[in-house]
1. Based on Cβ point charges of +1 for Lys and Arg and -1 for Asp and Glu, what charge dipole magnitude is obtained for region B:56-98 about its Cα centre, in debye rounded to the nearest 20?
2. How large is the dipole of the protein assembly as shown about the Cα centre if only Lys and Arg carry +1 and Asp and Glu carry -1, each at its Cβ, rounded to the nearest 20 debye?
3. Run the label-point distances for A:Ile55 please: 7 Å along Cα to Cβ, every other copy, nanometres, shortest first.
4. How do A:His50, B:His43 stack up against each other in accessible area, from largest to smallest, with a 1.4 angstrom probe?
5. Which whole-number percent is the relative contact order of chain A (Cα, under 8 Å, 6+ apart)?
6. Give the accessible surface of region A:4-139 per residue, rounded to a whole number of Å², with probe radius 1.4 Å and ligands, DNA and RNA excluded.
7. In a Gaussian network model over chain A where Cα atoms closer than 10 Å are linked, find which of A:Thr125, A:Thr69, A:Thr98 has the largest mean-square fluctuation.
8. Across the protein assembly as shown, how many lysine pairs separated by 8 or more positions, or lying on different chains, have Cα atoms within less than 22 Å?
2 protein chains.
Amino acid sequence: MATPSFSAVLRLLGANARLEERFSNGLGSLHGLALKEVLLLMHLEQAPRHRLSRIDLAKRLYVSPSTVTRMAAPLEKLRMVGREADPRDARLAYVVLTEAGQELVANARASLEVMAADIFRDRWTKPEIASLADLLGRLTAGQPGDLG
Amino acid sequence: MATPSFSAVLRLLGANARLEERFSNGLGSLHGLALKEVLLLMHLEQAPRHRLSRIDLAKRLYVSPSTVTRMAAPLEKLRMVGREADPRDARLAYVVLTEAGQELVANARASLEVMAADIFRDRWTKPEIASLADLLGRLTAGQPGDLG
DNA sequence: CCTATATACTTCCATATGCAAGCAATAAGG
DNA sequence: CCTTATTGCTTGCATATGGAAGTATATAGG
């Protein structure tokens with residue numbers, strides 16, 4: 001029917017939809033945060049000084065700057081992140097991971113790793129999982145701040 | 001850092017975001033339709049008698065039934081799909097692909113296959129693409145109406 | 001310096017989407 | 001038959017998101 005390339009793309013779209021559904025169901029009840037919010041915190045955790053500008057976060061999360069502004073607001077209210085100005089450039093308003101945020105992201109990451117392992121539990125060998133991760137990594141290569 | 005399973009999941013999310021961005025940019029200008037609308041038409045094309053109930057479409061597109069209702073409305077206005085009642089069950093309102101819809105989906109599919117090939121143009125061998133498609137197919141297995 | 005351009009962020013508006021509620025029709029069980 | 005539960009679809013409401021416009025700051029070029 002479809003070319004192999006097209007088939008790969010179509011299946012990636014489907015696999016993504018299934019994964020998002022699965023993770024959303026499991027995660028919200030556990031930590032009260034959406035998957036995207038946890039990813040935001042994970043990017044901060046990985047960044048130097050645990051902080052990133054909203055623009056950098058937007059690039060890493062593949063969303064618009066306005067979305068980052070609105071995602072950060074409730075996280076700031078929950079004291080998971082703080083706001084920090086740059087002394088050299090008054091335009092910058094870094095999003096900084098707090099202590100509480102670090103704790104939460106550690107727990108959420110553990111939950112996510114369990115859920116991820118569950119997805120491959122049946123009918124997958126370790127080399128197959130590694131191969132999938134490797135091939136997918138080539139599709140996202142060249143981006144700053146790869147989490148995985 | 002992350003377990004291989006978690007890494008695969010994270011990269012899949014990122015790859016999906018990049019692909020959607022790329023396909024949205026290229027497709028809208030070509031045929032005036034969003035990627036999701038083309039996928040809807042492709043599912044109809046593949047279905048017996050070129051028609052599906054809104055519920056079946058929702059499952060295949062991984063969206064809610066209300067979204068299908070609202071996606072079909074403008075396509076019906078454009079005469080890409082029609083509405084057909086079931087003589088046995090008056091609750092069913094099939095979405096049917098029209099002649100014009102078949103033409104459009106053929107053209108759009110060709111565009112999508114070119115775009116898909118573009119994504120893998122550099123640094124990918126045919127076996128690698130096939131392997132990726134195969135592995136991703138295992139994540140979506142068991143679903144009705146696989147397009148690829 | 002002064003002006004023009006670019007950047008970071010925020011806010012407004014339009015659109016997309018899921019969920020709950022509602023309606024119509026069918027199916028199931030007495 | 002009649003009642004109840006189920007199913008397919010639509011609509012109202014709340015939320016999420018991108019893009020355009022607006023503000024403030026920084027940079028580049030005379």
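1. Dipole magnitude for region B:56-98 comes out near 120 debye.
2. Dipole of the protein assembly as shown, to the nearest 20 debye: 340 debye.
3. 5.1
4. Numbers: A:His50 55, B:His43 10 Å².
Listed by decreasing accessible area, they come as A:His50, B:His43.
5. Numbers: 114 pairs, mean separation 34.5, N = 148.
Relative CO of chain A lands at 23 percent.
6. On the way: 6950 Å² over 136 residues.
Ligands and nucleic acids excluded, the result is 51 Å² per residue.
7. Comparing A:Thr125, A:Thr69, A:Thr98 in the GNM, the peak value goes to A:Thr125.
8. 5
The values are calculated or read from the model by the stated rules, or taken from the named source; none is laboratory data. Note that this is a predicted model, so its numbers are computed, not measured. Virtual Cβ from ideal backbone geometry, glycine too; neighbours counted across all protein chains shown. For accessibility, only protein heavy atoms count, side chains too; no ligands or nucleic acids. Shrake-Rupley method; radii C 1.70, N 1.55, O 1.52, S 1.80 Å.
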